[in-house]
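Chemist: What follows is a single structure, and I will ask about it in a moment.
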C-alpha cells in the first residue's frame, strides 16, 4: 500500500480523529467559519442574475440593446373595459364615460405616466365589446409592484360606479403584487416548516432530543454559511432567489442525511460494546468515508448544471454544490468533535417508547421494526434474485413508460396558477378579446438613426406585414426612443396564451416578416423578445445542454464509483440503477401533470406539460442524492465482505443494518420535498412531487430490492476489476472495525479479494 494511498484512504478517519482530540478547536473553527461567511456575505451583498444574462439567443441580444442604451423599460399596465352582456359596445356613451373615468382615475393617482385611451390607439376588440386603457408605472419596473396598490384601488372604485361593465387591471406591476401577496409567504412557510418536519422525523428515528437536534443544527449552520458564501461568489457568478430556495432544499436534505449516517453508525458501535473513542473512530472511518465519497459525487452532479449556459441554472448548480461541500466538511469535522464533547449526553431527552433502550426492554431483542421488515423482504429477494430483478425492473419500466411522451414548456399564467387567482381570469379575458395582447412579442429595433427615412419606412412595412402575414391581428404599437436610436414594436401574437400557436406566429415574424422588412436595412438590429420568445429561446438552449450535462454527470459519477469501490461491476450497476430511478420519476411527473392521472390529489388539474427546466434539474439533483444511499449501502456490504462474510451474507448484513438509517433519511427528504408539492405554483408542485416520488422509489425498490437482487446474482463478480485498471488510484480503504479500532496499519484484505 503506497503512502498516497494511505493518505487518501484515511482522510475521513484522520479528520474525525483530529476533531475528537481537539474538540473545542474544531467547534470553534466551525463557528468562526459560519460567522465569517455570513459577515462577508452581508458586507458584499448578493448580486442577482440580470435579465440580459438570463438567456442566450435573441432574448439576450434584445435585453443587451435595452441595457446598453440605458433605457429603463417601465412596467406597463392595462385596464380591460368589457361589456358584461352584448347590449353595450365601445361607441355607447356609458362605455365612453367608463373609459374617461378610468383614464382620469389612474392619472389622478400620480403613480402613472403615458396613459392612452383606446379611442386614440384603436385597442378596441373586433366585436366592439372590449377596450384597453394602457399606461406605464412611474419609477423602476422591478419595484413597481410595491407602488401599484393606489392604482388598483382607483380602478376598483370606477368598477363600483359601472355595474354593467367589467373593469379589471392587469400588467407587470399588478401581477407582481398579486404573486407577492399570494405566494411570497408560500415559500417562507415551506422553508420554515421543513425544519420542524425534519426534526420530528429525527426524533422518531433516534428517540432522543439531543441526537435529533444535532443533524438539524449542522444543516442549518451549513445553510447559513452557504448563504454568506453565495453573497461573496455572486460578484463573480450572479445568484438568484430560485438558487437560494434550491440551496435551502438541498442543504437541509443532505446536511441532515450526512449527520444521520454518522450518528447512527457511532450509536451502533457503542451498542455493540465498543468504548466511545473506538465507536467514534469506526464511524469516522466508515460512515465518514461514505459521506466524503457521496458528497463529492453530489458536488460533481451539481457541477453538471454549470454546462447549461443558462445563468439561472448555473446559479442553482453552484449554490447547491457549495451547500453540499459545506455540509460534507461539517459532518466529518465538527460532528465528531460534538459527539466527543457530548459523550453519553447525546442520548439526553429520551422519548418514551421511541428510544432504542425502551424498545429493547419492550421487545427483548435488538431488531427494530424497520430491520425486521427489511429482513423479511430481503429473505424473499435473496431466495429468488432473478424473479426480484424481473419484477422490480418491470415495475420501474412501466412507471417510467409515460416519460416517452414528455412535453416541456414554460408554463403560462393560467397553467402556473390555475383559477386560484382572479387575475388569471382577467389574463384569459384579455387574450380572448385581443389575441396575444396580454403577452405581446416585443421587437427591439436598433439603428444608426432611428428616424432615417428607410428605417421609418421599414418599421411601417413591418407593422403592416405583421398583420397581413397572419402572425398578428393587431394593433401593432411602436414606441420610439429618439435619443438612443431605439424603437420598441409591440406585436400581439395570434395564439395568445396557447404557446404552441403563439410560437408558430413568432416563427412567422422572425423568419418571414422581419427579413422582408427591417432585415433589408443595413445596420439595423431587430431581435424579437417577449414571453413567447423567451420560452422558445430557453427551450432551445436547454435542449442543447441536455446531452453534455447528462454525459458529464454520468461519466464522472461512474469514475468516482470505480475509484471508490475499485469495482467495474459496482460502478456500472450504480449508474444503471440511478438511471432507472430517474426514469421512474419522469414517468410519474408526466402521468400526473401532463396526462392528469391522479392530478387532483396534488391539486394539479389540466396543466398538460412539464415546466421546461425541471427534467434536467431533476436529473442532476436525483443523480446526486441517489448516490448518497448507494454509496452508504454498498460501503456497508463491502465492509462485511472484507470481514470474511460470503457475498450473500454481506448483502443481507449491509442492507439490513443500513435499512433503518436509509429509511429515516428518505422519509426526511420525501417530507421536505413534499412540502414544496403543497405550494400553489404548479412548477413548484412538479418539483416537489418529482423529487419526493424519486427519493421514495430510490430508498425502497432500488436499494431494498433491486440492488441486493442484482448483487446476489452477480456474486463474486461484484468485485471484478480488470487487470488493466489496477493502476487506477485506490480510494478504497479497509473498512473492518477491528482494523479501525487498532492504531497499527491494517492488513490489506482488499488485495487478497482482488477488490
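Chemist: Let me spell it out: the conditions are (1) touching a strand residue (DSSP E or B) at 6+ places or on another chain (Cβ under 8 Å); (2) assigned to a loop (DSSP other than H, G, I, E, B), and residue 429 meets all of them except one. Which number is the exception?
Modeler: It is condition (2) that residue 429 fails.
Chemist: While we're here: What are the residues in the stretch 394-432 that are over 27 Å from the mean Cα position of the chain (by Cα) and either crowded, with 21+ Cβ neighbours inside 10 Å or more than 18 Å from residue 494 (Cα to Cα) (or both), if any?
Modeler: The answer is 394, 422, 425, 426, 427, 430, 431.
Chemist: When the stretch 578-596 is examined, which residues are found to be surrounded by fewer than 23 Cβ atoms within 10 Å (Cβ to Cβ) and closer than 15 Å to residue 561 by Cβ?
Modeler: 579
Chemist: Within the stretch 459-472, how many residues are free of Cβ contacts under 8 Å to residues at least 40 places away in the same chain, part of a loop (DSSP other than H, G, I, E, B) and surrounded by fewer than 21 Cβ atoms within 10 Å (Cβ to Cβ)?
Modeler: The qualifying residues number 1.
Chemist: Please tell me if residue 294 is surrounded by fewer than 23 Cβ atoms within 10 Å (Cβ to Cβ), modelled with pLDDT under 85 and assigned to a helix (DSSP H, G or I).
Modeler: Criteria not met by residue 294.
Chemist: Moving to a separate point now. Among the listed residues 282, 300, which satisfies the condition of being crowded, with 24+ Cβ neighbours inside 10 Å, at pLDDT 85 or above and part of a helix (DSSP H, G or I)?
Modeler: Checking each option against the conditions leaves just 282.
Chemist: Taking the criterion of being part of a helix (DSSP H, G or I) and more than 30 Å from residue 259 (Cβ to Cβ), would at least one residue in the stretch 198-210 satisfy it?
Modeler: no
Chemist: In addition: Among the residues of the stretch 438-458, write down those that are assigned to a loop (DSSP other than H, G, I, E, B), surrounded by 15 or more Cβ atoms within 10 Å (Cβ to Cβ) and free of Cβ contacts under 8 Å to residues at least 60 places away in the same chain.
Modeler: Residues satisfying the conditions are 450, 452.
Chemist: Would you please list the contacts, defined by Cβ atoms under 7 Å and residues six or more apart or on different chains, that run from a residue in the stretch 313-342 that is without any contact (Cβ under 8 Å) to a residue 40 or more places away in the chain to a residue that is surrounded by fewer than 24 Cβ atoms within 10 Å (Cβ to Cβ) and assigned to a helix (DSSP H, G or I)?
Modeler: 321/299; 321/303; 325/299
Chemist: Working only within the stretch 482-497, note down all residues that are over 26 Å from residue 536 (Cβ atoms) and surrounded by 15 or more Cβ atoms within 10 Å (Cβ to Cβ).
Modeler: 484, 485
Chemist: Does the stretch 223-243 contain any residue that is free of Cβ contacts under 8 Å to residues at least 40 places away in the same chain and either within 14 Å of residue 49 (Cβ to Cβ) or assigned to a loop (DSSP other than H, G, I, E, B) (or both)?
Modeler: yes
Chemist: Would you please list the contacts, defined by Cβ atoms under 9 Å and residues six or more apart or on different chains, that run from a residue in the stretch 702-729 that is at positive phi to a residue that is crowded, with 16+ Cβ neighbours inside 10 Å?
Modeler: 715/647
Chemist: Next question. Inspect the stretch 524-538 for any residue being out of contact with any strand residue (DSSP E or B) (no Cβ under 6 Å at 6 or more places or on another chain) and surrounded by fewer than 17 Cβ atoms within 10 Å (Cβ to Cβ) and give the result as yes or no.
Modeler: No, the stretch 524-538 contains no residue that is out of contact with any strand residue (DSSP E or B) (no Cβ under 6 Å at 6 or more places or on another chain) and surrounded by fewer than 17 Cβ atoms within 10 Å (Cβ to Cβ).
Chemist: Restricting to the stretch 473-508, name every residue that is part of a loop (DSSP other than H, G, I, E, B), in contact with a strand residue (DSSP E or B) (Cβ under 9 Å, 6 or more places away or on another chain) and closer than 16 Å to residue 531 by Cβ.
Modeler: Within the stretch 473-508, 492, 493 meet the criteria.
Chemist: Also, quick follow-up: Looking only at helices (runs of 4 or more DSSP H) that lie completely in the stretch 307-404, which have at least 2 residues being modelled with pLDDT under 80?
Modeler: Hits in the stretch 307-404: 356-363, 369-383.
Chemist: Oh, and also: Check residue 39 against each of (1) part of a loop (DSSP other than H, G, I, E, B); (2) modelled with pLDDT of 85 or more; (3) closer than 30 Å to residue 235 by Cβ and name the one condition it does not meet.
Modeler: Residue 39 satisfies every listed condition except (1).
Chemist: Here is a further query. Could you check the stretch 85-195 for strands (runs of 3 or more DSSP E) lying wholly inside it with 3 or more residues that are touching a residue at least 40 places away in the same chain (Cβ under 8 Å)?
Modeler: Where strands (runs of 3 or more DSSP E) fall fully within the stretch 85-195 and carry at least 3 residues being touching a residue at least 40 places away in the same chain (Cβ under 8 Å), they are 130-137, 165-171.
The values are calculated or read from the model by the stated rules, or taken from the named source; none is laboratory data. Quantities reported herein were computed from a predicted structural model and do not represent experimental measurements. Every residue, glycine among them, receives a Cβ derived from its backbone with ideal geometry; neighbour counts consider all protein chains shown.
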